[in-house]
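The values are calculated or read from the model by the stated rules, or taken from the named source; none is laboratory data. A quick note: this is a predicted structure, and the numbers were derived from the prediction, not measured. When we count neighbours, we look across all protein chains shown, and the Cβ atoms used for this are built from the backbone with ideal geometry, even at glycine. Heads up: the accessible areas ignore ligands, DNA and RNA and are worked out on the full protein's heavy atoms, side chains in. Shrake-Rupley method; radii C 1.70, N 1.55, O 1.52, S 1.80 Å.
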Amino acid sequence: MDSQMAREGSATHATAEVVDAVVVGAGISGIYQLYRLLEDGLTVKAFEAADGVGGVWFWNRYPGARVDSHFPHYQFWFSKALWEESNWTERFPAQPEIEAYFNRVVDRFDLRRHITFGTRVTSAKYDEDSATWTVRTDQGEVVRTRFLIFNTGGLSQPVTPAFSALERFQGQTVHTSRWPREGVPLAGKRVAVVGTAATGIQVIQTIAPIVAQLTVFQRTPNYAVSMHNPKITEDDLAWMRSAYDDLYPSVHASLGGFHFDDGDPPLYDDLSPAEREARLESLWSHGDLRIWAGTFADGLFNPEAAECISDFARRKIREQVSDTRTAEKLMPRDHYFGTRRVPLENGYFRTFDRDNVELVDLRETPLESFDETGAKTSTAHYAFDVLIFATGFEAGTGALDQIDIRGLRGASLRETWQERLRTTLGMQVHGFPNLFMTMAPFAPSATHCNVPVCSDQQCNWIADAIAFDREQGKAWLQPSRETEAWWMATHQQSLESHLMAQNPASWYHRVERDGTDTVLGYQGGIDEYRRVCDELRAGGFRGFELG
Ligand code: NA7
């Protein structure tokens, strides 16, 4: 420890508030993590950068923002009483309804007073002698804590590509995940959108009818399933309230955090071409995500099966777009259905039939630079008043990379991960005792999960690990180096023969320093993941070091 750190350290010890646990983030995971740790009798302080709760549902207030998890799956699972009181109006609720729900939950369980809003954690340093973390914020707060949990989300740090001369553009520029609360005036404006994945699809289909002109800059076309989004009736709500006990075990034992009534999917080779087509039509007609992994048992492993689903999804695009050339540009040919995030769409493809919408294929004509009035591709200039970036996030590590996190011997988490990304179960990292995280790399929740289900399981496991550590009278707990190596090998095995591992980059992938590609999400399914987590817990956190 250098002398400055020593001085800083002793000042900190003298003045800092001391708690059992600090929770960073008040989104879906942070809210439940806070609730559970308080229930367990810990003193807890939560920090949230935003001035309200909801995480992604606070920040992503762009037009058309809506969840792709169908009713009744996207809500907290920790309280049956809460289920019995909850009301939903649509099968796929929109952002305002979800944000309001989080606010209701926080008030119902009196959690708000434990959260410090408008405050960003900037550093966290572990002190080996006291086995505590010192957490600092951008508001000058200093807190010492035994346990530190980052519920900061896997998709919270937005990315805006460094386009040439972007700073010259004189119109309004906005990223979908930093949409101002007061909105952005779009009616009658010329608008451009960069990005055509889950977010771009929602914003494009929503604003096309109100803007004067919409220019869509597309790099990679995406498959999308036509959403079926009826209003929720009193009967639906009555069913939901009676279904909690059945659904809870079922979603927690599923592949992706949903309960579907379709039974186990057949193998591709077990069906005739006509049976395959009928199955695809039937699954498609539900208008939700069941077609993603539920068509054929080998749909994400067998290239022939994957091509069959992809061909079907391309034909669905073709049917919705009048102009053949435009339809062709919208049809993915470089990846299989389901190897990137499959969004739901609600009129997206039909949007391109509108006279005021133009699709610019950046693969044909790359974006070269911006100027005062718009953007120039290799063949044309496009003028617009508002530029919307639906360009995604620094997935997996983005939020944590913003924080100076120092574990044993002052090792930096950011630098550790720059060497090579590694976690144990996506919840801990060797060398960072008592530090936990949710929605982080190498858990199913890093890519594929109905988040409330996965976060429920992870928050419980973390709280159980903390409880175990305390019951044992220990000060700290961390995975051993061997446990971490075992988990990384297990993760790697889950990708074997998986077509996702072979398909092109998306936010599901990360390219390591040495050029190797890794998939962020554990692909063994949340059932298997939970089994492994439960086994480690039941075995007294075998493979973890306590001290
Ligand atoms: P995504 O899924 O990361 O999509 C980002 C989009 O932005 C995608 O279409 C990208 O094209 C496009 N993009 C990114 N950089 C560029 C550049 N430089 N030029 C042109 N186009 C670019 O983010 P979303 O917000 O849509 O969704 C994130 C998740 O949030 C989603 O999966 C849900 O789970 C919720 P690309 O495909 O890279 O060619």
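Per-residue accessible area for residue 164 at 1.4 Å probe radius, Å² rounded to 10?
The accessible area of residue 164 comes to roughly 60 Å².
On average, how much area does the Cα convex hull of the stretch 260-352 cover when viewed from any direction, in nm²?
6.1
Does the stretch 94-191 classify as rounded, prolate or oblate by the C-alpha gyration tensor (a ≥ b ≥ c root eigenvalues; a/c under 1.5 gives rounded; else a/b over b/c gives prolate, otherwise oblate)?
Oblate, since a/c reaches 1.5 and b/c is not below a/b.
Any number yet on Rg/Rh for the stretch 286-445, C-alpha, Kirkwood?
Here Rg/Rh amounts to 1.08.
Which value, in Å to one decimal place, does the Kirkwood hydrodynamic radius take for the chain when every pair of different Cα atoms is included? Walk me through the numbers before you get to the answer.
Values: mean 1/r = 0.0406 Å⁻¹.
By the Kirkwood definition, the hydrodynamic radius is 24.6 Å.
What is the calculated FRET efficiency for residue 253 to residue 166, with r their C-beta to C-beta distance and R₀ = 51 Å, to the nearest 0.05?
Details: r = 47 Å, r/R0 = 0.92.
Taking R0 as 51 Å, the efficiency between residue 253 and residue 166 is 0.60.
About the Cα centre of the stretch 25-94, what is the dipole size in debye to 20, counting +1 per Lys and Arg Cβ and -1 per Asp and Glu Cβ, all else neutral?
Using Cβ point charges on Lys, Arg, Asp and Glu, the stretch 25-94 gives about 140 debye.
Scaled to the compact-protein estimate 2.2 N^0.38 Å, what is the alpha-carbon radius of gyration of the stretch 369-408, rounded to two decimal places?
That works out to 2.00 for the stretch 369-408.
If each residue of separation counts as 0.36 nm, what is the full-extension length gain between residue 497 and residue 108 once their alpha-carbon separation is subtracted?
Details: separation 389, 0.36 × 389 = 140.04 nm, distance 4.62 nm.
Result for the pair: 135.4 nm of gain on full extension.
Using 1/(1 + (r/R0)^6) with R0 = 41 angstrom and r between the beta carbons of residue 219 and residue 481, what's the FRET efficiency to the nearest 0.05?
Calculated transfer efficiency: 0.55.
Accessible area of residue 270, 1.4 Å probe, to the nearest 10 Å²?
Rounded to the nearest 10, the figure is 110 Å².
Given charges of +1 on the Cβ of Lys and Arg and -1 on the Cβ of Asp and Glu, with all other atoms neutral, how large is the dipole of the stretch 498-547 about its Cα centre, in debye to the nearest 20? Working shown, then result.
Values: 6 positive and 8 negative charges, 21 e Å.
Result for the stretch 498-547 is approximately 100 debye, rounded to the nearest 20.
In nm, to one decimal, how far is the modelled label at residue 90 from the one at residue 401, with both set 7 Å along Cα→Cβ?
With each label placed 7 Å out from Cα toward Cβ, I get 3.3 nm.
Could you pull out every residue, at least 5 positions away or on a different chain, whose amide H is within less than 5 Å of the one on residue 137? Hs are placed 1.01 Å off N in the peptide plane, and Pro or chain starts have none.
122
Pull up the DSSP beta bridges for the stretch 108-259 and report the antiparallel fraction as a percent, rounded to 5.
That works out to approximately 65 percent antiparallel.
Give me the aspartates and glutamates in straight-line cross-link reach of residue 125: C-alpha distance below 17 Å, same-chain residues under 8 apart excluded.
Cross-link targets: 2, 8, 17, 20, 138, 141, 401, 404, 415.
Restricting the count to DSSP beta bridges whose residues both fall in the chain, what percent are antiparallel, rounded to a multiple of 5?
40
How large is ³J(HN,Hα), in whole Hz, for each residue of the stretch 125-133 in order, when computed from phi with the Karplus curve 6.51 cos²θ - 1.76 cosθ + 1.60 and θ = phi - 60°, using x for Gly and Pro?
Ordered by residue, 3J(HN,Hα) equals 10, 8, 10, 5, 5, 9, 6, 10, 9 Hz.
Per residue, how much accessible surface does the chain expose to a 1.4 Å probe? Answer in Å², no decimals.
40
Would you give the gap between the C-alpha center of the stretch 105-148 and the C-alpha center of the stretch 211-229, rounded to a whole Å?
Value for the Cα centre distance between the two parts: 40 Å.
Roughly how many Å is it from the Cα centre of the stretch 510-546 to that of the stretch 19-93, as a whole number?
Cα centroid of the stretch 510-546 versus Cα centroid of the stretch 19-93: 24 Å apart.
How would 345, 535 line up by accessible area, probe 1.4 Å, largest first?
I get 535, 345, largest accessible area first.
Counting only the heavy atoms of the protein chains, how much of residue 259 is accessible to a 1.4 Å probe, in Å² to the nearest 10?
Result for residue 259: roughly 60 Å² accessible.
Considering Cα pairs under 8 angstrom that are at least six residues apart, work out the relative contact order of the chain and quote it in whole percent.
So the answer I get is 20 percent.
Using +1 on the beta carbon of Lys and Arg, -1 on that of Asp and Glu, and nothing else charged, what's the dipole of the stretch 70-176 about the Cα centre, debye to 20?
60
Using alpha carbon centroids, what distance separates the stretch 320-375 and the stretch 470-502, in Å?
That distance is 39 Å.
So what is the relative contact order of the stretch 266-413, in percent, for Cα pairs below 8 Å that sit 6 or more residues apart?
13
Could you derive backbone 3J(HN,Hα) for the stretch 430-435 from the dihedral phi with the Karplus parameters 6.51, -1.76 and 1.60 (θ = phi - 60°), listing whole Hz in sequence and x where the residue is Gly or Pro?
4, x, 10, x, 6, 9
Using 1/(1 + (r/R0)^6) with R0 = 30 angstrom and r between the beta carbons of residue 381 and residue 324, what's the FRET efficiency to the nearest 0.05?
About 0.70, to the nearest 0.05.
May I ask which residue of 348, 305, 386 lies farthest towards the positive end of the charge dipole of the stretch 303-398, with charges of +1 (Lys, Arg) and -1 (Asp, Glu) on Cβ and the Cα centre as origin?
305
Please list the non-local residues whose amide H lies under 5 Å from the amide H of residue 297, H modeled 1.01 Å from N, same-chain partners needing a gap of 5 or more.
Amide H to amide H, under 5 Å and 5 or more residues apart or across chains, residue 297 pairs with 267, 268.
Specify whether the C-alpha gyration tensor of the stretch 38-174 places it in the rounded, prolate or oblate class, a ≥ b ≥ c being the square roots of the eigenvalues: rounded for a/c under 1.5, otherwise prolate if a/b is larger than b/c and oblate if not.
Cα axes put the stretch 38-174 in the oblate bin.
Which of rounded, prolate or oblate describes the stretch 351-452 when judged by the alpha-carbon gyration tensor and an a/c cut-off of 1.5?
Here the stretch 351-452 falls in the prolate category.
Scan around residue 397 for amide H atoms under 5 Å from its own, H built in the peptide plane at 1.01 Å from N, and keep only partners 5 or more places away or cross-chain.
Amide H to amide H, under 5 Å and 5 or more residues apart or across chains, residue 397 pairs with nothing.
Rg and Dmax of the stretch 158-310, Cα atoms, in Å?
Expressed in Å, the Cα Rg and Dmax of the stretch 158-310 come to 20.8, 59.
Show me, for the stretch 345-358, the HN-Hα J-couplings you get by feeding each phi into the Karplus relation (A = 6.51, B = -1.76, C = 1.60, θ = phi - 60°), rounded to Hz, glycine and proline as x.
10, 9, x, 4, 5, 5, 4, 6, 7, 6, 5, 8, 10, 10
Could you calculate the contour length gain from residue 372 to residue 139, that is, 0.36 nm times the residue separation minus the distance between their Cα atoms, to one decimal place in nm?
Additional length available on full extension: 80.2 nm.
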